[in-house]
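Participant: For reference, the structure I am asking about is given below.
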Amino acid sequence: MSDQAAYDVESILLRLKELVEAGRSMPMSASVLVNREEFLELLEESIATLPQELRHSRWLLKEREEFLSQARREADDIIEAGRVRAERMVERTEVVREARRVAQSVVDDAEASGRQLRHEAEDYVDQKLAAFEVVLERTMHSVQKGRERLQVVIEPEPELEPDADSDYEPEMEELPVSIEVEADLEDTFFDQDAR
């Protein structure tokens, strides 16, 4: 605001003050009578002499209120968007957590099932080997008995002195050899899987 404009506004306001002070008092009242035309003319002149900056500041004050309300709306929008995003992130976190839990459960079930199958297979093989061991023991026992029976003790015959001129060879007597197969060997050879 320039000095001249300030002086003009101040002088107009002083004249308005003088006009009110010089006005006639109303009886039994604090009101005074002033010339309306003269008062309005001075007011219009003072408004016209107001500096542009003052008018601009009034416009800025109005704009400021609009700007603040718009900023509040934008801040509310940003806060709401942040809240929605946070909720989505929490939902994703929960989904990931649930997926990991389900995956771990599937892995645990698979490992338990694998252990159970391995134990069942080991039990099956152990049973078959035990049955085979029994068969082998019976077979070995039968073989051993058969070999014992085959061992014939031949008693030596007294030797005759052959004549030097003779072509005599004693005849070998055929010994009857019989092998008895035990009846329990018939049960020895059976189909393992038929049990």
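The values are calculated or read from the model by the stated rules, or taken from the named source; none is laboratory data. Remember, predicted model here, so these are calculated numbers, not experimental data. Cβ coordinates were reconstructed from backbone atoms using ideal geometry, including for glycine residues, and neighbour counts include every protein chain displayed. Ligands, DNA and RNA are excluded from the accessible area calculation, which covers all protein heavy atoms including side chains. Shrake-Rupley method; radii C 1.70, N 1.55, O 1.52, S 1.80 Å.
Participant: Find all pairs meeting these conditions: Cβ atoms under 9 angstrom apart; at least six residues apart or on different chains; first residue within the range 23-51 and farther than 12 Å from residue 13 by Cβ and basic (Lys, Arg); second residue at pLDDT 75 or above and in a loop (DSSP other than H, G, I, E, B).
Facilitator: 24/34
Participant: While we're looking at this one, here's another question. Only one of these is at pLDDT below 85 and open to solvent by less than 70 Å² (accessible area, probe 1.4 Å): 113, 29, 25. Name it. It would help to see each step written out before you state the result.
Facilitator: Working: 113 fails: at pLDDT below 85; 25 fails: open to solvent by less than 70 Å² (accessible area, probe 1.4 Å).
Every option except 29 fails the conditions.
Participant: So which of 61, 42 is part of a helix (DSSP H, G or I) and surrounded by 11 or more Cβ atoms within 10 Å (Cβ to Cβ)?
Facilitator: Just one listed residue meets the conditions, 42.
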